[in-house]
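Notes for the one structure printed next.
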Amino acid sequence: MMNVDNILIFLSGFMIGGFICTRAEAFLIERRFPGEREAEDVAPYMKRLSFGGVFFSVLLGVVAYNLFPHVFIYGLCGGYALFAAKIGM
């Protein structure tokens, strides 16, 4: 049952998952393309990171949620997947 506490725990996991996703992608892009870079050079790599991030977070979320069913893990992986998908970009 989703009460207020569980919703807040889910949302905190969601925000942390989104933050981890943006920081991980920024680190990987900076490592792959050091210094100045053009958007056209980074776009194909971003698309691969997007697909890989969604796949990784869904796979990890299913495994982790089956091992330790908690709302925070569901929110963490959901936030990572949503930020990795870059909906609207």
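The values are calculated or read from the model by the stated rules, or taken from the named source; none is laboratory data. Values in this document were obtained by computation on a predicted structure and should not be read as measured data. Quick reminder, even Gly has a Cβ in these numbers, built from the backbone with ideal geometry, and neighbours come from all protein chains shown.
Some observations on this one:
- Candidates E30, E25, E40, E36 - the one that is out of contact with any Phe, Trp or Tyr (no Cβ under 8 Å at 6 or more places or on another chain) and within 17 Å of Y80 (Cα to Cα): E25
- Whenever a residue of region 16-35 is over 14 Å from K47 (Cα atoms), its partners that are loosely packed, with under 13 Cβ neighbours inside 10 Å, lying with C-beta atoms within less than 8 angstrom and at least six residues away or across chains, give the pairs F33/D41.
- Output for region 1-42, where each listed residue is loosely packed, with under 10 Cβ neighbours inside 10 Å, in a loop (DSSP other than H, G, I, E, B) and of a type in the set (A, V, I, L, M, F, W, C): M1, M2
- Filtering region 66-82 to residues that are at pLDDT below 90 and among the aromatic types (F, W, Y) leaves F68, Y74.
- Here V63 fulfils each of the conditions (1) at pLDDT 90 or above; (2) in contact with an Asp or Glu (Cβ under 6 Å, 6 or more places away or on another chain); (3) aliphatic (A, V, I, L, M) apart from (2).
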